Amino acid sequence: MTDPRAPIRDEALRLGFDAVGFARAELGPEVRDRLADFLAAGLHGEMGWMEGRAEQRAHPRALWPEALSVVSLGLSYAPADDPLASLAQPDRGTISVYARHRDYHDLVKSRLKALARWMVARFDAPGVKVFVDTAPVSEKPLAQQAGLGWQGKHTNLVSRAHGSWLFLGEIYTTLALEPDAPHADRCGRCTRCQVACPTDAFPAPYRLDARRCVSYLTIEHRGPIPEELRPRLGNRIYGCDDCLAVCPWNRFATPTAVPGLVAREDLVAPRLAELAALDDAAFRARFSGSPIKRVGRGRFVRNVLNAIGNSGDASLLPLARSLADDEDPVVADSARWAAARLASAPQVSSTA
């Protein structure tokens, strides 16, 4: 039989993927040990789903015993502009690049399913299963094994061609595919991502303490954000790109041309005052089709109020006070904190 990797790669590129590689459906002991140490140290915080399905994450065949190979795929979402520019606008919010457009799960999964259907038709109906982030799959180690890039010191995948801006997806298959060579680590002596983290979430290179990570705190964490960390969040209201954006390999990335991944204008530096005023219906309407919708109005407005507290903008004080008795206790807590902080802080002028 002719090596099927070449036609699979060609079809993946035709479907719009930017990177494709092949790996065995297994992970080495170093990956399993790193995951076990991460969980044992409690660095996953409240993400109980990581611990509950750790066996499937550590052993791909525990998730699907028939799988022999993994097709690892990447879709670039590289931004056209500086993703950190809005950090200098205290009356605006900073939203992670990946959430400034349509929910990437839908975009990536539709392409994965198209490729999987093509594989079934082309190779006499092999078994296939597609995954995008929501299943217990160790996407980044598998992508490194498949040669797409390497896990950098910020623990995310880095590509020589696309920098830190790749969405990942996988097709598990019963096809026995020759694996690609794993990608070598190219971080060298660089520590930019470690230095850039606003909350010191990296206790060591290649090791993340999610409990201090802005992305975890603003998305996964459900209760009040620890008060000692709130000032460090600045105006980051959904996720954080600091460690990704400073990676020098990003200089080789080309801004995405996928329409669904181009940033929505209203999600680039949105006004904090508008966002804090959203009720549940308005929140759901504004973020329809966006990954932000999944956190709900309460968590999102909590984040916005923390940013308001950090803004130093006196014009936002009445808004913060108006939410101090919000029916959501987490929102009310952040509103009271923001109001107290604004009342006692030196004032700055809002931007136009």
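Coordinate-derived values only; no laboratory data. Note that the structure is predicted; figures quoted are calculated from it, not measured. Note: ideal-geometry Cβ built from the backbone for every residue, glycine included; neighbour counts use all protein chains shown.
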With the convex hull built on the Cα atoms of the chain, state its orientation-averaged projected area in nm².
17.9
Taking amide H positions as placed in the peptide plane 1.01 Å from N, state which residues far from Gly147 in sequence (5 or more) or on other chains have amide H under 5 Å from it.
His183
For the chain the mean separation of alpha carbon contacts under 8 Å (6+ apart) over residue count, i.e. relative contact order in percent, is 21
What percent does the relative contact order of the range 239-352 come to when contacts are Cα pairs within less than 8 Å and at least six residues apart?
21
Which aspartates and glutamates does Lys109 reach when only Cα atoms under 13 Å apart count, and residues fewer than 8 places away in its own chain are ignored?
Asp133, Glu170
The range 81-185, relative contact order in percent, only Cα pairs under 8 angstrom and at least six apart counted
25
Residue with peak Gaussian network fluctuation, the chain [Cα springs, cutoff 10 Å], from Arg122, Arg236, Arg102
Arg122
State the answer as a single residue: which of Phe300, Gly127, His221 lies farthest towards the positive end of the charge dipole of the chain, with beta carbon charges of +1 for Lys and Arg and -1 for Asp and Glu, about the Cα centre.
Gly127
The range 131-192: D in µm²/s via Stokes-Einstein (Kirkwood Rh, Cα pairs, 25 °C, 0.890 mPa s)?
196
Could you calculate the FRET efficiency of Tyr206 with Ala114 from 1/(1 + (r/R0)^6), where r is the beta carbon distance between them and R0 is 41 Å, rounded to 0.05?
0.75
What's the FRET efficiency of Glu274 with Arg321 using the Cβ-Cβ distance as r and R₀ = 22 Å, to the nearest 0.05?
0.80
Quick one: if the Förster radius is 51 Å, what FRET efficiency do Arg122 and Met47 give, using the C-beta to C-beta distance and rounding to 0.05?
0.85
Using Cα springs under 10 Å in a Gaussian network model of the chain, which residue among Asp209, Asp333, Asp82 shows the largest mean-square fluctuation?
Asp82
If you put +1 on each Lys and Arg Cβ and -1 on each Asp and Glu Cβ, how big is the dipole of the range 236-326 around its Cα centre, in Debye rounded to 20?
260
When the chain is treated as a GNM, springs tying every alpha-carbon pair under 10 Å, which of Asn306, Asn250, Asn235 comes out with the largest mean-square fluctuation?
Asn250
Whole-Hz couplings from phi, Karplus 6.51/-1.76/1.60, listed for the range 271-286; x for Gly and Pro:
6, 4, 4, 5, 6, 5, 7, 6, 8, 4, 5, 5, 4, 5, 5, 5
Quick one: Cα centre-to-centre distance for the range 161-229 and the range 255-324, in angstrom?
24
Quick check on the chain: of the DSSP beta bridges with both residues there, what percent are antiparallel, nearest 5%?
90
Estimated dipole of the chain in Debye, rounded to 20 [Cβ of Lys and Arg +1, of Asp and Glu -1, Cα centre]:
320
Full-stretch length increase - Glu66, Thr254 - with 0.36 nm per residue and alpha-carbon distance subtracted:
63.9 nm
Select from Ala6, Cys190, Ala204 the residue farthest towards the positive end of the dipole of the chain; place +1 on Cβ of Lys and Arg, -1 on Cβ of Asp and Glu, and compute about the Cα centre.
Ala6
Which shape class applies to the range 1-152: rounded if a/c is under 1.5, otherwise prolate when a/b exceeds b/c and oblate if not, where a ≥ b ≥ c are the square roots of the Cα gyration tensor eigenvalues?
oblate
What 222 nm value per residue comes from the helices of the chain, counting each DSSP H run with n ≥ 4 as -39,500 (n - 2.57) and dividing by all residues, nearest 500 deg cm²/dmol?
-9500 deg cm²/dmol
Isolated Cys in the chain by the 4.7 Å beta carbon test?
Cys187, Cys190, Cys197, Cys213, Cys240, Cys247
